[in-house]
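Asks: Encoded as structure tokens, here's the structure I'll be asking about.
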Amino acid sequence: MNASYDNSTAVAVLPPVSGGRLRDKSLRTWLARSDLELEPEKGELLAQLVAVLGLPYPQEGLAALRMWGQTGDRPTVWIAGADPVYLEPRLDHLRLHALSRAALPPADLRALFNHLQTTLSGEKRFGFARLGSCGYLRSGSPIATASVPAYVVDNKVPTDFLPQGDDSATYRNLLSEIEMSLHDHEANQRRVAAGQQPVNGLWLWGGGLAPERASRPQPPLYSDDPLLLGYWDSANAVAGLWPGSISDCVNQADAAGFVAVTPEFQDDPAFLEDCLRQLRAALSEKRVNRLVILFRDGRRARVRRAHKLRFWRFDSRLLD
């Protein structure tokens with residue numbers, strides 16, 4: 001394992017825990033006795049994980065890594081992510097809404113990207129492509145892009161995240177062309193008529209070349225997230241899809257550390273409580289020595305067996 005990483009530590013990414021979602025009193029007490037904190041801002045998931053694991057964060061090419069995770073092959077051209085978004089006009093600014101896979105049928109996404117490829121790829125300077133629920137931009141020469149994906153900017157003012165400086169002009173001009181091209185598309189007209197948010201823009205982020213493959217010790221990963229899978233593949237590290245439960249991850253890791261990322265769409269409270277019970281059991285049975293739990297609402301818990309001695313803690317306001 002990485003020199004700074006305890007190979008008996010489990011890192012788990014779980015659904016949101018606050019807002020009264022956690023009803024089981026014993027689990028609330030268990031978390032309240034841990035080192036529980038609130039992250040100041042919602043961050044990009046890979047950045048959070050590598051910070052916990054002591055691994056390097058890519059300087060560029062995040063979108064290329066995501067494509068790598070989807071296809072299993074390292075992209076050899078300059079790639080940026082092109083996430084479909086709804087830019088909501090407010091009185092004096094725009095507010096960005098990231099459109100989830102559930103909110104955007106594949107047929108709509110395919111039609112929109114085909115339209116962009118037809119209207120904006122003149123002289124092959126740019127190319128637009130869709131892989132599954134993900135969009136990509138290929139450019140003949142590098143351009144400045146945002147550094148984080150759309151879900152980090154969700155419900156925020158996008159200008160706070162745009163690239164700055166003289167080399168950002170191409171980026172801003174391209175965003176304007178994309179917005180104009182998508183404005184009256186029939187897919188958006190259907191969506192508006194059905195009371196749905198239109199795709200009136202793309203969020204371009206993570207531009208660059210994929211890193212060269214280089215072996216690096218990392219704990220095994222269990223996740224469906226293509227960016228994480230691409231990062232692990234680039235390091236020749238063990239990675240597999242989410243197996244269905246935390247217990248499956250514990251058994252497959254065989255008394256060693258691991259990283260388990262639950263699917264984002266599985267966020268009901270019953271699933272959350274099942275995951276926490278399985279993690280608590282793994283710690284109690286000494287299958288792992290330490291837990292780091294990243295909840296998708298910004299809460300983070302670091303749990304050790306010795307924390308059960310904090311008998312004076314019964315609850316935490318961070319769970320309310």
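Asks: Return the total of residues in the range 39-51 being more than 15 Å from the chain's Cα centre (by Cα) and either charged (D, E, K, R) or modelled with pLDDT of 95 or more (or both).
Replies: Count: 1.
Asks: Testing Pro217 on (1) part of a helix (DSSP H, G or I); (2) open to solvent by 50 Å² or more (accessible area, probe 1.4 Å); (3) of a type outside the set (Lys, Arg), one condition comes back false. Which one is that?
Replies: Against the list (1) part of a helix (DSSP H, G or I); (2) open to solvent by 50 Å² or more (accessible area, probe 1.4 Å); (3) of a type outside the set (Lys, Arg), Pro217 comes up short only on (1).
Asks: Which is modelled with pLDDT of 95 or more, within 19 Å of the chain's Cα centre (by Cα) and within 26 Å of Leu46 (Cβ to Cβ), of Leu202, Leu162?
Replies: Details: Leu162 fails: modelled with pLDDT of 95 or more.
Of the residues listed, the single one that is modelled with pLDDT of 95 or more, within 19 Å of the chain's Cα centre (by Cα) and within 26 Å of Leu46 (Cβ to Cβ) is Leu202.
Asks: Restricting attention to the range 191-230, which residues are touching a residue at least 40 places away in the same chain (Cβ under 8 Å), within 26 Å of Pro158 (Cα to Cα) and not hydrophobic (A, V, I, L, M, F, W, C)?
Replies: Arg191, Gln196, Gln197, Pro198, Asn200, Gly201, Gly206, Gly207, Gly208, Asp225, Pro226
Asks: If I filter the range 255-283 down to residues being among the acidic types (Asp, Glu) and under 26 Å from Leu227 (Cβ atoms), which single residue comes out as most open to solvent (accessible area, probe 1.4 Å)?
Replies: Within the range 255-283, the subset among the acidic types (Asp, Glu) is 264, 267-268, 273-274.
Among the residues that remain, those that are also under 26 Å from Leu227 (Cβ atoms) are: 264, 267-268, 274.
Numbers: Glu264: 123, Asp267: 73, Asp268: 73, Asp274: 75 Å².
By that ranking, first place goes to Glu264.
Asks: Could you tell me how many of the residues in the range 148-174 are within 21 Å of Leu112 (Cα to Cα), open to solvent by 20 Å² or more (accessible area, probe 1.4 Å) and not in a loop (DSSP other than H, G, I, E, B)?
Replies: First, the residues of the range 148-174 that are within 21 Å of Leu112 (Cα to Cα): 149-151, 154, 171-174.
From what is left, the residues that are open to solvent by 20 Å² or more (accessible area, probe 1.4 Å) are 151, 154, 172-173.
After this cut, where a residue has to be not in a loop (DSSP other than H, G, I, E, B) as well, the list is 151, 172-173.
Total meeting the criteria: 3.
Asks: Restricting to the range 234-280, count the residues that are in contact with a helix residue (DSSP H, G or I) (Cβ under 8 Å, 6 or more places away or on another chain), in a helix (DSSP H, G or I) and hydrophobic (A, V, I, L, M, F, W, C).
Replies: Residues flagged as in contact with a helix residue (DSSP H, G or I) (Cβ under 8 Å, 6 or more places away or on another chain), in a helix (DSSP H, G or I) and hydrophobic (A, V, I, L, M, F, W, C) within the range 234-280 amount to 5.
Asks: Moving on to the next point. Can you run down the residue pairs with Cβ atoms below 6 Å, 6 or more apart or on separate chains, where the first is in the range 276-291 and polar (S, T, N, Q) and the partner is at pLDDT below 95?
Replies: Partner pairs satisfying both residue conditions: Asn289/Ser8.
Asks: Return yes when Asp73 is open to solvent by 10 Å² or more (accessible area, probe 1.4 Å) and either over 23 Å from the mean Cα position of the chain (by Cα) or in contact (Cβ under 8 Å) with a residue 60 or more places away in the chain (or both) and no when it is not.
Replies: no
The values are calculated or read from the model by the stated rules, or taken from the named source; none is laboratory data. A quick note: this is a predicted structure, and the numbers were derived from the prediction, not measured. Methodologically, a virtual Cβ is constructed for each residue, glycine included, from the backbone with ideal geometry; neighbour enumeration extends over all protein chains shown. Just so you know, the surface numbers come from the protein's heavy atoms only, side chains and all, with ligands and any DNA or RNA stripped out. Shrake-Rupley method; radii C 1.70, N 1.55, O 1.52, S 1.80 Å.
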